[in-house]
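For reference, the structure is listed below as C-alpha cells.
The values are calculated or read from the model by the stated rules, or taken from the named source; none is laboratory data. Please read all numbers here as calculations on a predicted model, not as lab measurements. Cβ sites come from the backbone with ideal geometry, for glycine too, and all protein chains shown count toward neighbours.
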Amino acid sequence: MPKRVDHEERRRHIIEALCRITVRGGLNAATFREVAAEAGTSVRLVQYYFGTKAELLHAANRHVADRASARLMRRLAALGADAEPRRIVHTVVDEFLPTDKPRREAMLLFFAFYTAQLTDPALARGEAASVPQGLAALVAGQIRRAQASGNAPTDIDPDREGAILTAAIPGLASGVLVNYVTASAVAAILDYAVDQIFTRR
C-alpha cells in the first residue's frame, strides 16, 4: 500500500526551511534551489506546492504570523480571564520584543517580509496587515475596558492609542536587532508608553 502523503506537513517543512535561510542570510538567499536543499527535497516539489516565490513568501508570512499569534494567546491565557487591562497590554508589548531566540527570529522575518513588500508590488497584499490590525484592536479593547472601570482616562481615543502603540513596537524592536539600543531600554520606553495610557489625568 502506498505511503500516504501529508501535504500540509510538507508545505510546513518547506516554509520553515525558507524561514531558517532568511534568518541566516536574508530573503535574497532564499531561492527555490536553496529552500529545496534546506528542506531536503527537490526544486520541482517546492514549485508544485507554491508555484512562485511570491506564493511561498505569502505562505511563510502567514506561518510566522500564526506562530507569533499562538505564542501571544498562550501568554494571555496564562494571565487568566480576569487579568487587568494594563497587564494584558504590557504582555502584548513584551511578546514582540526580540529578547529571546524565537522572538528575535520572528522580528527578523517580519522585517524581511515587510521590506520585500515595500519593493515588490506582487508581495504587497492587504492580508499581511491582519496581525498589526489585530494587535491594535486588542489594545483598543483593553483601553475601553479600563475606561469603563475608571482605570484609564475617558478623554483618550482607544483606537488611536492602540494604533500608535502597535506602530511603535516594530520601530523600537528594529533598534534592538541592529544593536542601536538595548532590549532593556526599549522595554522601559514601551512600559512608559503603556503606563501613560492607563494613568489617570
Out of the residues in the range 146-155 that are surrounded by 15 or more Cβ atoms within 10 Å (Cβ to Cβ) and not polar (S, T, N, Q), state the one that is farthest from Glu95 (Cα to Cα). Pro153
Of the residues in the range 66-103 that are free of Cβ contacts under 8 Å to residues at least 40 places away in the same chain and in contact with a Pro (Cβ under 9 Å, 6 or more places away or on another chain), the one that is farthest from Thr22 (Cα to Cα) is Arg71
When residues of the range 4-46 are filtered for being surrounded by 16 or more Cβ atoms within 10 Å (Cβ to Cβ) and either among the aliphatic types (A, V, I, L, M) or part of a loop (DSSP other than H, G, I, E, B) (or both), how many remain? 13
Of all residues in the range 94-138 being in a helix (DSSP H, G or I) and over 17 Å from Ala65 (Cβ atoms), the one that is modelled with the lowest pLDDT: Ala122
Checked the range 171-201 for anything in contact with a Pro (Cβ under 8 Å, 6 or more places away or on another chain) and closer than 24 Å to Leu109 by Cα; matches are Ala173, Val176, Leu177, Ala183
Can you spot a residue in the range 56-66 that is over 30 Å from Thr91 (Cα atoms), part of a helix (DSSP H, G or I) and within 21 Å of the chain's Cα centre (by Cα)? yes
Of the numbered conditions (1) within 19 Å of Arg87 (Cα to Cα); (2) without any contact (Cβ under 8 Å) to a residue 40 or more places away in the chain; (3) of a type outside the set (A, V, I, L, M, F, W, C), Asp195 fails exactly one; give the number of that condition. (2)
Close pairs (8 angstrom Cβ cut-off, 6 or more residues apart or separate chains): crowded, with 17+ Cβ neighbours inside 10 Å in the range 54-65, among the basic types (Lys, Arg) and at pLDDT below 90 anywhere: His58/Arg125
Pick from Ala81, Ala70: which is part of a loop (DSSP other than H, G, I, E, B) and surrounded by fewer than 17 Cβ atoms within 10 Å (Cβ to Cβ)? Ala81
